[in-house]
Each structure stands twice: as C-alpha cells, then as structure tokens.
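Worksheet for the structure shown next.
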Amino acid sequence: MELTRRHALAGAAAIAASPLLLSMPAKAAAPMADKQAPSFYRYKVGDIQVTVVSDGKTVFPLTDSFITNAKLDEVNAALEKAFLPKDTFTIYYAPLVINTGGKLVVLDTGTGAAANVSSKGANGLFGANMVAAGFDPKAVDMVVISHFHGDHINGLLNADNTLAYPNAEVLVPATEWKFFMDDGEMSRAPEGRMQTVFKNARRVLEAGLKKKVTPYEWGKEVAPGLLAVESIGHTPGHTSYVLSSGSGKVFIQSDVTNIPYLFAANPGWHAFFDQDADMAEKSRRRVYDMMVADKLMVQGFHYPFPGLGNVEKDGGGYRVVPAPWNPVI
Ligand SMILES: [Zn+2]
C-alpha cells in the first residue's frame, strides 16, 4: 500500500472505525501515567563522571520586551524554525552532580524546594531527581555556584530554610560575591527585577548560609578537574567551567546563552535577563567561537535536557547539535 499524506491524516479515523477492532473483545485499559521518569543522564569525562539532573522547566508567555533588540515577530520566527510554539518561552534547568572520584560536587542547585510547591511540580525537581539518581545530599562535599540568579542558588536551602547540603563547602565566584554583597551596589540597583535579584541573593547566602561561603577566582581549579572561567555579562561575576580529565574535556557554559535555538542561533540578541547585555554578547561570541575552533563539547544549564552537545557555525550565529543519548556510561 502506498502511504500518502491523505492516508496518514485519515489513519486515526480509519483505525477507529475498523470493523476488526470493533469486533475485538473489550480488555481492561492500562492506566495512563501522570509523571515523567526521574530525569538524570550520566556521561564520563575521562575518569570523572557527570550526572546531569533535571530541575524541570518554566513556561511563560513572550512579550515584546523579552529581547530588547529584536521584535516579537522575529523571536516567533526563530521558535517556528525550531518547531516550537509561538508566543511562549520554555526555560529548562539542569544542574550537575560531578563525581571526581575523590569529591562529590554539585554545580548549581536549581530553583529550590519552595519553587517545587509554587510551580506545582513543574520545577524545583533537582533535589528529588538527585536522590533518584542515587546521591545523598549529605554526601556532597562541595557546591559550586556559577552566579547568583535564583534558579542557580535557591536550591541551596530546603523549604524550611535549612541547608540542603549540610556537609558541603559552598564555593562562589569572588567577583559575584563582591558585587551582590556590596550595599552601595544594592542601593544603586534599579527598582524591580534587579532589586529582587539582590534581595534573593542575600536571603539565600547571607540569611540562609550565614555568609559561610568560599569565594573562588577565575583561572583556577575550584574542584579536581573543574577550572573556573570568566564569562561575564549575564551577571558581573558569571562563571563557566572547563571540566577535564585525561583526554576528556567539556565546556560547562552556565548561562552564556539560554535556550540555544534562540540565543546560540542569534548571539546578538539581548535578553532582559542579561545584566550587561553588550558584555554578555561579547562573552557569548568569544565562548562559542572558541568551542567551534577547539571542537569542544558544551553542557548548557538552560539547554533542553540533558543539554550536552556540539557547536558549529551557522550563518551569523551558531547551531548546537545535541549529543546522542548514550544508553551505557
Ligand atoms: Zn539561569
């Protein structure tokens, strides 16, 4: 039988009306599932094991102010090109658990337990998914933070404001710490979103962690095999990482871009959440040119899960090709 578009469209209706099916005895229907599997994905970088752990997603309607230098029509065209619904932005979150062999390291912590309640389970999943992946939060030696936005630090605290990783040293970028703990910077920050970012950083790090953090510098290993790299603009102390072991290497970009089909494809687009948009663009182009030149794999916090891929040049921008899911480690 020749399969045509007409057949494909008529298929479901034809099957529903099939006399064969109608004559079959009724069977008990299997119950429909209401949950996705706990989402985590493992891969190796040399002797180091990385587990990408989903923290879930947030979906929100797009407005004209989402990207300050592109029209909503252009953003919708980019979404359509990626086979995604128009007028809607889906942001994903994927912190990492890195087992270096000697240390268990959490890299960024997701939106946190309170967000799990307010989002009705759409995000704030990192804690539960991490346990499902076989990790005990009490066994975490170090929590490394890339920058102080809520989706990266809020998971440091449990819903009752106790420490989510009670035995871990918390490492933060020195430049980020200096900026967000500076009362002068806070007083000069514009009302609205920036004030909220300051207040939230202080709620978590000052009130919650009582400032018990270890600032780290760029150009140094923060954990075995994990080199901190400056990639500022998204925030003043925004940090990426090169994770390497033996001949294995991956660039952990943090928020150099958000979802790649908008921001790797259009590196010149300035999203409202980049604090210094010009600087963020400069970092974005530098990092992506470097990844292309060095054929470096990338791990993206806001990429669609599990967020590991390769980068190539594509016109005036870049294309991220997701790495195939490997069923063995
Ligand atoms: Zn983020």
Please work out, to two decimal places, the log10 of the ratio I(q)/I(0) at q = 0.09, 0.16 Å⁻¹ from a Debye calculation in which every Cα of the chain carries one identical scatterer. -0.51, -1.45
If packing is taken as the average count of other Cβ atoms within 10 Å, what order do 266-277, 146-157, 45-56 fall into, highest mean first? 146-157, 45-56, 266-277
How many percent of DSSP beta bridges within the chain run antiparallel, rounded to 5? 75
Applying a 10 Å radius around every beta-carbon, put 238-249, 186-197 in order of their mean neighbour count, most first. 238-249, 186-197
Inter-part distance where the range 146-193 and the range 211-250 are each reduced to a Cα centre, Å: 16
Search the structure for amide H atoms under 5 Å from the amide H of T214, placed 1.01 Å from N in the peptide plane, and list their residues when 5 or more places away or on another chain. V170, L171, V172
Under the definition of Cα pairs under 8 Å and six or more residues apart, what whole-number percent is the relative contact order of the chain? 16
Translational D in µm²/s for the range 64-217 (Stokes-Einstein at 20 °C, 1.002 mPa s, Kirkwood Rh from C-alpha pairs): 125
Under the helix-only model (-39500 (n - 2.57) for each DSSP H run of 4 or more, divided by the residues of the chain), the mean residue ellipticity at 222 nm, to 500 deg cm²/dmol, is -7000 deg cm²/dmol
Ratio of the Cα radius of gyration of the range 211-310 to 2.2 N^0.38 Å, where N counts its residues: 1.06
With θ set to phi - 60° and the Karplus curve 6.51 cos²θ - 1.76 cosθ + 1.60, what are the ³J(HN,Hα) couplings of the range 235-246 in order, to the nearest whole Hz, using x for Gly and Pro? 9, x, x, 4, 10, 10, 9, 10, 9, 9, 7, x
Treating only the Cβ of Lys, Arg, Asp and Glu as charged (+1, +1, -1, -1), what charge dipole size does the range 229-329 show about its Cα centre? Round to the nearest 20 debye. 280
In degrees, nearest 10, range 0 to 90: what is the angle between the Cα axis of helix 193-202 and the longest Cα principal axis of the chain? 70
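Please list 278-289, 202-213 highest first by mean number of surrounding beta-carbon atoms within 10 Å per residue.
Values: 278-289: 18.5, 202-213: 15.6.
Output ranking for 278-289, 202-213: 278-289, 202-213.
Here, each number is a calculation from the coordinates, and none is a lab measurement. Here the structure is a predicted model, which means the values were calculated and not measured. As a convention, Cβ positions derive from the backbone with ideal geometry for all residues, glycine included, and neighbour counts pool all protein chains shown.
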